[in-house]
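Asker: Here's a structure for you.
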């Protein structure tokens, strides 16, 4: 069989033919460079143009992952040279809708490869799929508040990848005028950032936001320079001079930098503390976030969007948590609320009142112990994922472009995270919908023989709604035996949403009681 070749702006590429999980064949091009390797003096700089190559470049293998440490094992792997993307398509002819995936992982881990995000189902449904890498952790988000290291390099990498897609995707049978960006968790908040940033305007046409917006407490980082100073000190350089910090950090191997920054990152509490991530970068020559994302978010989203979350997002927060962490949350509830909601500058005098409001709703008069793990799951999930999503939805209710809201609540007995972490708790956790959109070969042995009939129907439903939206901007084009209800967008008067469980249900006002509590919290914070 002849190997597929294409020509892009930088030169020729040779891909491979692959049999997908459904027994069909597709074409994939892997490890395509979309920006110059950010090595040497380019470390911490904005992405630079990739140089053309001569001859035909082999695109059969994925490029290196960006340097990172596994959140659970601590293993460090990856490389500085990591700005690559992968394209998967059924055919090199035609002009099909494009879906660009931005991976999650707290802005610290992950990659755009096929091991955890195999696009077989999506491509079979008639779209061209792109998965991208972007710089992570300190290598992607060091902000020294000057033009030399202005922050948000990882988000600018995403912009560079989107520009590459816009310029080249027609060579792979993709329509450059019908691009949907989508992502999960930090990838979803990345999507939201791209929707708000002046640098990404015109690079895509629609968006899907799965459990992550810029208004999440973890989606922006305060104290960027302090974090850089702490990191330099941990590596042996005690200085407050930002130029010295920058030059020093450029001399240290990436694995050492990642190792040191991982030690500064708290993973042992219910509310994870990640120190490097998106920041205001107004000292940049080309700012990605010229002002606080909370201000930018008020402008709303100007393209059709799907946005949603799972019913038990906070299952992620209780993984591996010991009894003393519940005791700590119980005894230090007020200070954790202040830190998580960044209230010190915003509403320091209202911390006690806000903490009382939240504690009363989630825990009543009870002490917080492991016996209340379900309450903790709900509290952590609402705090870190759900309330910020609802704030974003409220802004969208006055917009002319359609906003489709979902809540994914199917509690599958075959959920990957629960099997992987041996978690015996109820509910659809963070990322529960992912296995219905992607072939996750990394954990394939966990569910190969247990993909039951409900799972299969749910897979077909999610894939069809997501790809129909990518094609047309409408996720329920046809109501039939598979898609059994019409999914309506929100309006000024109706907060419509789709409940995605074993059955599809169209309803209004998801988690209304919870949302009213968080609205009260906002009102208290604003009235300081």
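Asker: Given the peptides 129-136, 312-319, arrange them by the average over their residues of other C-beta atoms within 10 Å, most packed first.
Answerer: Ranking the peptides 129-136, 312-319 by packing returns 129-136, 312-319.
Asker: Provide the packing ranking of 287-299, 387-399, i.e. peptides ordered by the mean count of other C-beta atoms within 10 Å per residue, highest first.
Answerer: By packing density, highest mean first, the sequence is 387-399, 287-299.
Asker: Let me ask something else about it. Order these by the 10 Å Cβ neighbour count, fewest first: 192, 384.
Answerer: Least to most surrounded, the residues fall as 384, 192.
Asker: If you restrict to DSSP beta bridges whose two residues both lie in the chain, what percentage is antiparallel, to the nearest 5?
Answerer: 45 percent
Asker: Another one. Going by Cα centres, segment 6-25 and segment 75-121 are how many Å apart?
Answerer: 14 Å
Asker: Using helices alone, I'd like the mean residue ellipticity at 222 nm for the chain: each DSSP H run of four-plus residues gives -39500 (n - 2.57), total over residue count, nearest 500.
Answerer: Rounded to the nearest 500, the figure is -9500 deg cm²/dmol.
Asker: Related question: How would segment 36-115 be classified by its alpha-carbon gyration tensor: rounded, prolate or oblate, with rounded meaning a/c under 1.5 and the a/b versus b/c comparison settling the rest?
Answerer: It is oblate, given that a/c is not under 1.5 and a/b is not larger than b/c.
Asker: Now a separate question. Where both partners of a DSSP beta bridge lie in segment 5-303, what percent of those bridges are antiparallel, to the nearest 5?
Answerer: In segment 5-303, DSSP labels about 50 percent of beta bridges as antiparallel.
Asker: Let me make sure I get this right: for segment 5-303, a, b and c are the square roots of the gyration tensor eigenvalues over alpha carbons, sorted descending. Under 1.5 in a/c it's rounded, otherwise prolate if a/b > b/c, else oblate. Which is it?
Answerer: In terms of gyration-tensor shape, prolate.
Asker: Roughly what % of DSSP beta bridges within segment 48-150 run antiparallel, to the nearest 5?
Answerer: In segment 48-150, DSSP labels about 55 percent of beta bridges as antiparallel.
Any read-out appearing in this document is the output of simple, stated calculations on the displayed coordinates, not a laboratory observation. Fair warning: this is a prediction, and the values are worked out from it, not measured in the lab. Note that each Cβ is placed from the backbone with ideal geometry, even for glycine, and that neighbours are counted across all protein chains shown.
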